[in-house]
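Below you'll find the structure, written out as structure tokens, and then a few comments.
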Amino acid sequence: QFMLWRKSAGPRRAVGDEGFERERAAFLRLKPELLKTHRGLFVAIHDGQVVDSDPSSLALVLRITQKRIDPVYTQLVSEEPRTVEVPSPEVIHHAIRIR
């Protein structure tokens with residue numbers, strides 16, 4: 001099922017893609033106003049403007065994917081930058097071996 005989805009999803013962007021970076025820059029430019037109007041919501045930025053928003057990042061991404069909007073930048077509107085921790089496979093591997 002994953003491979004079928006992957007083929008139907010179309011080409012993937014490389015990190016640093018110009019369109020993605022342009023939409024990210026638009027988010028940063030819009031952020032002061034977004035803090036007044038969309039605080040606590042995830043927003044989708046396309047062509048330099050908000051095209052959708054939702055309290056759920058998953059719901060937002062699913063709608064954007066269905067609409068095939070690209071490039072798009074999604075982010076939580078908050079004062080503090082969003083931090084995501086991704087565990088390292090090496091750390092997990094070593095932790096398992098030690099036990």
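Name the residue, out of 39, 63, 6, that is in a helix (DSSP H, G or I) and at pLDDT 90 or above.
Of the residues listed, the single one that is in a helix (DSSP H, G or I) and at pLDDT 90 or above is 63.
Please identify the pairs in which a residue from the stretch 26-37 that is closer than 14 Å to residue 53 by Cα has its Cβ atom under 6 Å from the Cβ atom of a residue that is in a helix (DSSP H, G or I) and open to solvent by 80 Å² or more (accessible area, probe 1.4 Å), counting only partners at least 6 apart or on another chain.
Correct list of pairs: empty, since none qualify.
The values are calculated or read from the model by the stated rules, or taken from the named source; none is laboratory data. Being a predicted model, the structure only gives us computed values, none of them experimental. Note: ideal-geometry Cβ built from the backbone for every residue, glycine included; neighbour counts use all protein chains shown. We work out accessible area using only protein heavy atoms, side chains counted, and drop any ligands, DNA or RNA first. Shrake-Rupley method; radii C 1.70, N 1.55, O 1.52, S 1.80 Å.
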